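Enquirer: One structure, as structure tokens, below. Some questions next.
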Amino acid sequence: MNKKLQAVRGMNDILPADGRLWLYLEDTARRVFEQYGYQFVRMPVVENTALFVRGIGETTDVVEKEMYTFEDSLSQESLTLRPEATAGIVRAAIEHNFTYERGQRVWTVGPMFRHERPQKGRYRQFYQLDVEALGFSGPDVDAEQIILLARLWKALGLDGMVTLKINTIGDAADRRAYRERLIAYFSQHMDVLDDDSQRRLHRNPLRILDSKNPTMQSVIGRAPRMIDHIGADARAHFDTLQKLLKEAGLHFDIDTRLVRGLDYYNRTVFEWVTDKLGAQGTVAGGGRYDGLFEQLGGKPTPACGFAAGIERLILLLQDSGARITEMPLIYLAFLGENAAGFSWRIAEMLRDQGFFVEMNAGGGNFKVQMKKADAKGARIALIVGDDEAQNQEVTVKWLRENDKTNEAGRAEQERVAVTALPKWLNEQFENTRGA
Ligand code: ATP
Ligand code: MG
């Protein structure tokens, strides 16, 4: 026997039982994004490695150790599976010059790849919703994106499970000066720094602030704060952002140690976090990246964006016991010579009218077919034998307890003429909600 093949470690299958939840999440997000005028785009999963090295920054974890990079055997170019979406979108915006006349609000969704240690909420292939406002200097669009996310949490019923943290990391010049201060400060505390942080000290000292290592917390807590060393413009930007968020009625914490893992950010950074997922608590993160277009060879173009991790949101949705309202599924069970052709026609006729109809496949007696209908969570079964076919009728049978014992005293099973069926089904579905 051949050895069974398995999925690559850290790369998950999304199975039928979860499919609806994924679609529900993506559909809900799509609706909210479109409500704010964001247009859908889709970029390649593979890009030139240089894009990420230049865009994300050489000394970030992502570029130092998490990218799936390979040489294209034909062109001998170095290519990389995208670890995030922003760099590709900015590359495309520059290449097609689509921010030439005015700012563009765009969004996308898709898989990202990072070679991380797999654990709950952290995978090697994972999915992100990604929203970008290109060519806007803010802080209005910064606020808009945060408010848009608040609306998404509400739409998903997750608003009680997440909180908002914001910070400003100033402009590039502010950060260069601050960097030196941090290096000087942490150099006095080398004995407390762990290996990771010692390694980062001269390469990317801001990331030390992000360390979760408990033994370093008090030293980190006393470190100089970025917010005390930013210029007047960045300060005003941050003040207005706060004002806009307050006006929108959003609660937020200012986390002066919040820095993000990618180098392109400036001024606004924010995260929506939950305490329900252990160490993988960030469900969405983003901020402003006014320098990225230039870094990638484009014209100076201010921009702001965020990414939300879909797997973590799915875990939250499962945790919240969210009940998705589904379309009522009709299961069509049939048996007999004449019943088959008749049933096919009924199924297509009902689909013409917008109904959701699953036809039994693979035969079986009615008992077997009803079992399949139940297992599928169908709301109602249409049963067609030769007798029904002969009379141009179907037998309808409710499958859920709530429907069977409903106040209307509806018959559990009755015959309905095919010509009357669409109207009958619409009335029945409107009058009741099967649980
Ligand atoms: P973390 O601190 O959790 O590693 P990050 O700062 O690396 O997150 P971003 O690059 O900003 O995250 O990505 C945005 C979001 O994408 C994260 O908040 C998270 O929800 C999700 N995400 C990032 N990496 C992973 C991963 N390896 N597996 C699953 N989701 C992820
Ligand atoms: Mg990370």
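Enquirer: State which entries of Lys3/Lys376; Lys165/Lys243; Lys154/Lys212; Lys154/Lys243; Lys120/Lys243 exceed 25 angstrom in Cα-Cα distance in the structure shown. The partial results should precede the final answer.
Expert: Working: Lys3/Lys376 32 Å; Lys165/Lys243 15 Å; Lys154/Lys212 29 Å; Lys154/Lys243 21 Å; Lys120/Lys243 36 Å.
With Cα atoms farther than 25 Å apart: Lys3/Lys376; Lys154/Lys212; Lys120/Lys243.
Enquirer: Ok, one more. Within the stretch 72-101, list the residues whose amide N lies under 12 Å from a label point set 7 Å along Cα→Cβ of Lys299.
Expert: Hits in the stretch 72-101 for Lys299 at 12 Å: 94, 97-101.
Enquirer: Further question: Could you give the length gained by full extension between Val368 and Glu348, i.e. 0.36 nm per residue of separation minus their alpha carbon distance, to one decimal place? All intermediate terms of the calculation are to be shown ahead of the outcome.
Expert: Values: separation 20, 0.36 × 20 = 7.20 nm, distance 2.30 nm.
Stretched fully, the Val368-Glu348 segment lengthens by 4.9 nm.
Enquirer: Report the FRET efficiency, 1/(1 + (r/R0)^6), for Asp233 and Tyr100, where r is their Cβ-Cβ distance and R0 is 25 Å, rounded to 0.05. Write down the numbers at each step before the final one.
Expert: Working: r = 25 Å, r/R0 = 1.02.
Computed FRET efficiency for Asp233 and Tyr100 comes out at 0.45.
Enquirer: Please give the length that would be gained between Ala361 and Thr325 if that part of the chain were fully extended, namely 0.36 nm times their separation in residues minus their C-alpha to C-alpha distance (nm, one decimal). Walk me through the numbers on the way to the answer.
Expert: On the way: separation 36, 0.36 × 36 = 12.96 nm, distance 2.58 nm.
Length gained between Ala361 and Thr325: 10.4 nm.
Enquirer: Where a ≥ b ≥ c are the square roots of the eigenvalues of the C-alpha gyration tensor, would you call the stretch 8-102 rounded, which needs a/c under 1.5, or, failing that, prolate if a/b is larger than b/c, or oblate?
Expert: Note, shape of the stretch 8-102 comes out oblate.
Enquirer: Please compute the Kirkwood hydrodynamic radius of the stretch 154-232 from all pairs of different C-alpha atoms, in Å with one decimal. It would help to have the intermediate numbers written out before the result.
Expert: On the way: mean 1/r = 0.0709 Å⁻¹.
That comes to 14.1 Å for the stretch 154-232.
Enquirer: Could you pull out every one of the lysines with an alpha carbon less than 27 Å from that of Lys371, ignoring same-chain neighbours closer than 8 positions?
Expert: Lys397, Lys404, Lys423
Enquirer: Just to confirm the number: angle between the C-alpha axis of helix 172-187 and the first principal axis of the chain, 0 to 90 degrees, nearest 10?
Expert: That works out to roughly 70 degrees.
Enquirer: On to the next question. By DSSP, what percent of the beta bridges with both residues in the stretch 329-431 are antiparallel, rounded to the nearest 5?
Expert: Details: 9 of 18 bridges.
Counting DSSP beta bridges with both partners in the stretch 329-431, the antiparallel share is about 50 percent.
Enquirer: Once R0 is set to 30 Å, what does the formula 1/(1 + (r/R0)^6) return for the Cβ-Cβ distance between Ala420 and Ala375, expressed as a FRET efficiency to the nearest 0.05? If you can, show how the numbers build up before the last one.
Expert: On the way: r = 29 Å, r/R0 = 0.96.
Rounded to the nearest 0.05, the efficiency is 0.55.
Enquirer: May I pose another question? Find the accessible area per residue for the chain; the probe is 1.4 Å, ligands and nucleic acids are left out, and the unit is Å².
Expert: Values: 21960 Å² over 435 residues.
Roughly 50 Å² per residue, with all protein chains present.
Enquirer: With the contact rule set at Cα under 8 Å and sequence spacing of 6 or more, what percent relative contact order holds for the chain?
Expert: Relative contact order comes out at 14 percent.
Enquirer: For the residue pair Tyr185 and His202, what label-to-label distance in nm results when each label sits 7 Å from Cα along the Cα-to-beta-carbon direction?
Expert: Taking the simple label geometry, Tyr185 and His202 are separated by 2.1 nm.
Enquirer: What does the helix-only formula give at 222 nm for the chain: each DSSP H stretch with n ≥ 4 adding -39500 (n - 2.57), the total divided by the residues, and the result rounded to the nearest 500 deg cm²/dmol? Walk me through the intermediate numbers first.
Expert: Working: 15 runs with 163 residues, N = 435.
Theoretical 222 nm ellipticity from helices: -11500 deg cm²/dmol.
Enquirer: Report, in degrees rounded to the nearest 10, the 0 to 90 angle that the Cα long axis of helix 16-35 makes with the longest principal axis of the chain.
Expert: Once rounded, one gets 60 degrees.
Enquirer: Just to be sure I understand: with springs between alpha-carbon atoms less than 10 Å apart, which residue in Leu277, Leu335, Leu244 has the highest mean-square fluctuation in the Gaussian network model of the chain?
Expert: Leu335
Enquirer: A further question on this structure: Could you give the length gained on full extension between Glu66 and Asp195, defined as 0.36 nm per residue of separation minus the Cα-Cα distance, in nm? Before the final figure, lay out each step's value.
Expert: Numbers: separation 129, 0.36 × 129 = 46.44 nm, distance 1.81 nm.
Gain in length upon complete extension: 44.6 nm.
Enquirer: Please report the carbon-and-sulfur percent of the accessible area for the chain; probe 1.4 Å, protein heavy atoms only, DNA, RNA and ligands left out. Present the calculation step by step, with values, prior to reporting the outcome.
Expert: Numbers: 10640 of 21960 Å².
Of the solvent-accessible surface of the chain, carbon and sulfur hold 48 percent.
Enquirer: Choose one answer from Thr80, Thr419, Thr301: the residue with the largest mean-square fluctuation in a GNM of the chain with alpha-carbon springs under 10 Å.
Expert: Top of the fluctuation ranking is Thr419.
Enquirer: Of all alpha-carbon pairs in the chain, indicate the percentage at a distance above 40 angstrom.
Expert: 35 percent
Enquirer: Have a look at Glu66, Glu412, Glu294 and tell me which one the Gaussian network model of the chain (Cα, springs below 10 Å) gives the largest fluctuation.
Expert: Maximum fluctuation in the GNM of the chain, among the listed residues, is at Glu412.
Enquirer: As I understand it, the dipole of the chain uses +1 on the Cβ of Lys and Arg and -1 on the Cβ of Asp and Glu, about the Cα centre. Which of Gly354, Thr49, His96 lies farthest toward its positive end?
Expert: Farthest towards the positive pole: Thr49.
Enquirer: Only loop residues by DSSP count here, and only those with at most 16 other Cβ atoms within 10 Å; note down the trypsin sites (Lys or Arg not before Pro) in the stretch 139-235 that meet that. Don't jump to the answer; show the numbers that get you there.
Expert: On the way: sites: Arg151, Lys154, Lys165, Arg175, Arg176, Arg179, Arg181, Arg199, Arg200, Arg203, Arg207, Lys212, Arg222, Arg225, Arg235; in loops: Lys212, Arg222, Arg225.
Of the trypsin sites (Lys or Arg not before Pro), the ones in loops of the stretch 139-235 whose Cβ has at most 16 other Cβ atoms within 10 Å are Lys212, Arg222, Arg225.
Enquirer: A further question follows. With angles folded into 0 to 90 degrees, how steeply does helix 232-247 sit against the dominant principal axis of the chain? Use alpha carbons for both and round to 10.
Expert: Roughly 30 degrees between the two axes.
Enquirer: Once label points are set 7 Å from the Cα along Cα→Cβ at both Arg30 and Gln413, what is their separation, rounded to one decimal in nm?
Expert: 4.0 nm
Enquirer: Can you give the Kirkwood hydrodynamic radius of the stretch 97-176 from its Cα pairs, in Å with one decimal? All intermediate terms of the calculation are to be shown ahead of the outcome.
Expert: Values: mean 1/r = 0.0634 Å⁻¹.
Final number for the Kirkwood radius of the stretch 97-176 is 15.8 Å.
Enquirer: Compute the Kirkwood hydrodynamic radius of the stretch 329-431, taking the inverse of the mean of 1/r over all pairs of distinct Cα atoms, and give it in Å to one decimal. List each step's numbers first, then the result.
Expert: On the way: mean 1/r = 0.0734 Å⁻¹.
Across the stretch 329-431, the inverse of the average 1/r is 13.6 Å.
The values are calculated or read from the model by the stated rules, or taken from the named source; none is laboratory data. Values in this document were obtained by computation on a predicted structure and should not be read as measured data. Cβ sites come from the backbone with ideal geometry, for glycine too, and all protein chains shown count toward neighbours. The area values use the complete protein model at the heavy-atom level, side chains included, leaving out ligands, DNA and RNA. Shrake-Rupley method; radii C 1.70, N 1.55, O 1.52, S 1.80 Å.
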